[in-house]
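To start, the structure itself, in structure tokens.
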Amino acid sequence: MTRQHQPGRVAVVTGAGSGIGRAVARLMLAEGYRVVLGGRREAPLEETAAGHAQAFVVPCDVTVPDDVERLFAAAQGRWGRVDVLFNNAGVFGPAASVDEISLAEWDATVAVNLTGSLLCAAAAVRAMKAQSPQGGRIINNGSIAAHSPRPRTVAYTVTKHAITGLTKSIELDGRDFGITCGQIDIGNAATELMDEIGVGSGALQADGSRRREPTFPVADAARAVLLMAGMPPSACVGSVVITATGMPFIGRG
């Protein structure tokens, strides 16, 4: 039986209270996964879980090591294993160039986007090594900023470039244990955080202008994550880039 058809696989989704994390968690629940929902605010997590008996809400802050350990201990205590981690929690960080960003703003962005992803991946790998049968899959949420930045996004862009290195390192180090790792880089999925780009004043462009850009349904991004999660153990989707059709990313606009 291939992995994608095994009922009751256990997934941990961070940042599950809104946006891409919520869409992925709900789709996984609809597809028969048992899903542990991680995030800082309990109320939005409960909204994501509403009506789903196989959802388990565990409020946590991915920048706090004890919280991360508690998240994965809860998954193992409830369902005995961790098959998938969608490493999704993240922040945009400040709108600032390298000479303007404060050290506190830099540290706060790195703490969530990079250190938080590292802590969750480490806890997932420990769980996946120890369980029987051994193994699992980690999916890191990068960004098209991992390929090409927007202006005034130095902290966000650097952390997303670093996620690519984290992804490749996990994939390499996990091979002997049946642990795979891939990265999805999403451009302009229509979440609340993207309203300014699609319907507000628009996104800042490299030439200094602002332009409204096309967006695409967040459910489509969730389906891409589900495809990555559901691959059989013999295959790994190492990298996916999914963007709104026509957004100024490929080429010169």
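Per-residue 3J(HN,Hα) values for segment 75-92, derived from phi via the Karplus relation 6.51 cos²θ - 1.76 cosθ + 1.60 with θ = phi - 60°, read 4, 5, x, 7, 10, x, 6, 9, 9, 9, 10, 9, 7, 10, 4, x, 9, 6 Hz in sequence order (x marks Gly and Pro).
In percent, rounded to a whole number, the relative contact order of the chain is 18, using alpha-carbon pairs under 8 Å and six or more apart. Each DSSP beta bridge with both residues in segment 105-253 is either parallel or antiparallel, and the antiparallel ones are about 15%. Judged by the mean number of other Cβ atoms found within 10 Å, the most tightly packed of the peptides 114-125, 172-183, 17-28 leads the ranking 17-28, 114-125, 172-183. Placing one identical point scatterer on every Cα of the chain and ignoring solvent, what is log10 I(q)/I(0) from the Debye formula at q = 0.13, 0.16 Å⁻¹? Values, matching the q order: -0.78, -1.18. The simple spin-label model puts a point 7 Å past each Cα toward its Cβ; for residue 126 and residue 207 those points are separated by 5.2 nm. Ranking 158, 115, 218 by Cα position along the charge dipole of the chain, where only Lys, Arg, Asp and Glu carry charges on their C-beta atoms, puts 218 farthest toward the positive end.
Charges were assigned to the Cβ only: +1 to each Lys and Arg, -1 to each Asp and Glu. The resulting dipole of segment 111-229 about its Cα centre is roughly 160 debye.
Bear in mind that the values in this text are calculations on the coordinates, not laboratory data. All of these numbers come straight from a predicted model, not from anything done at the bench. Cβ: placed from backbone, ideal geometry, glycine included. Neighbour counts: every protein chain shown.
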